[in-house]
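Enquirer: The structure under discussion is supplied below as structure tokens; questions concerning it will follow.
Coordinate-derived values only; no laboratory data. These numbers were taken from a predicted model, which means no experiment stands behind them. As a convention, Cβ positions derive from the backbone with ideal geometry for all residues, glycine included, and neighbour counts pool all protein chains shown.
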Amino acid sequence: MSTHNTGSARTTDTTTTSTAPTNPAASGSAASSPHLRTETFTCVRCGLTVGVLDPSGGRRDHCPSCLHSRHLRDHVTGGPADCGARMTPIAIAVPRGGGWTLVHRCTACATLSTGQVAPDDNQLVLVRLAVRPIAQPPFPLEAFGDL
Ligand SMILES: [Zn+2]
Ligand SMILES: [Zn+2]
């Protein structure tokens, strides 16, 4: 057993202050899922080509123009649905905590589902849905005139 000792002490006493150009800003985009940004679907009712992400970054489940959707998800199991039929927007729901939720009913199997309203959803169609119960009341509304 021989210990091989290499006494080579290499000292560098050159104090060079190298200014490395480190620019932390604008390095690396915040695109978490780039394939979602380009993924689209075609509306089964109006034929509009729709990006799956809305302006706020949420995932769409309905067309922003006519608000129709497709029955692609099983709302009991959470997995994919075999139905694939068109889903009609039938109502606006306001859950506790606020915000509008769109209620869809499948035209084939009558399954109900809910989805978030996107910032660029057609506001005229949304308001039409919201006022429909008041516009077609099952009893006269004159009784509330004195309130
Ligand atoms: Zn549409
Ligand atoms: Zn269905």
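Enquirer: What ranking of 65, 56 emerges when the number of other C-beta atoms within 10 Å of each C-beta is taken as an exposure proxy, fewest first? Working shown, then result.
Expert: Numbers: 65 16, 56 9.
Ascending Cβ contact count within 10 Å gives the list 56, 65.
Enquirer: Short version: ³J(HN,Hα) in whole Hz for each residue of segment 57-65, in order, from phi by Karplus 6.51 cos²θ - 1.76 cosθ + 1.60 (θ = phi - 60°), x for Gly and Pro, what are they?
Expert: x, x, 8, 7, 10, 8, 6, x, 8
Enquirer: Can I get the semi-axes of segment 37-133's equivalent ellipsoid? Compute them from the C-alpha gyration tensor as square roots of 5 times the eigenvalues, in angstrom, largest first. Could the numbers behind the result be given before it?
Expert: Values: eigenvalues 69, 58, 38 Å².
Its equivalent ellipsoid spans semi-axes of 19, 17, 14 Å.
Enquirer: Going by how many other Cβ atoms sit within 10 Å of their own, how do 82, 61 line up, fewest first?
Expert: On the way: 82 8, 61 19.
By the 10 Å Cβ count, ascending, the order reads 82, 61.
Enquirer: Taking 25 Å as R0, compute the FRET efficiency from the Cβ-Cβ separation of residue 46 and residue 109 and round it to 0.05. Write down the numbers at each step before the final one.
Expert: Working: r = 22 Å, r/R0 = 0.87.
It comes out at approximately 0.70.
Enquirer: For segment 37-133, what is the charge dipole size about the Cα centre, in debye to the nearest 20, if Lys and Arg each add +1 at the Cβ and Asp and Glu each add -1 at the Cβ?
Expert: On the way: 11 positive and 7 negative charges, 43 e Å.
Rounded to the nearest 20 debye, it is 200 debye.
Enquirer: Once amide H atoms are built 1.01 Å from N in the peptide plane, which residues 5 or more positions from residue 74, or in another chain, come under 5 Å H to H?
Expert: Distant-sequence amide H within range of residue 74: 79, 81.
Enquirer: Still on this structure, I have one more. List 76, 117, 131 from most exposed to least, where exposure is judged by having the fewest other Cβ atoms within 10 Å.
Expert: Numbers: 76 8, 117 19, 131 11.
Result, fewest neighbours first: 76, 131, 117.
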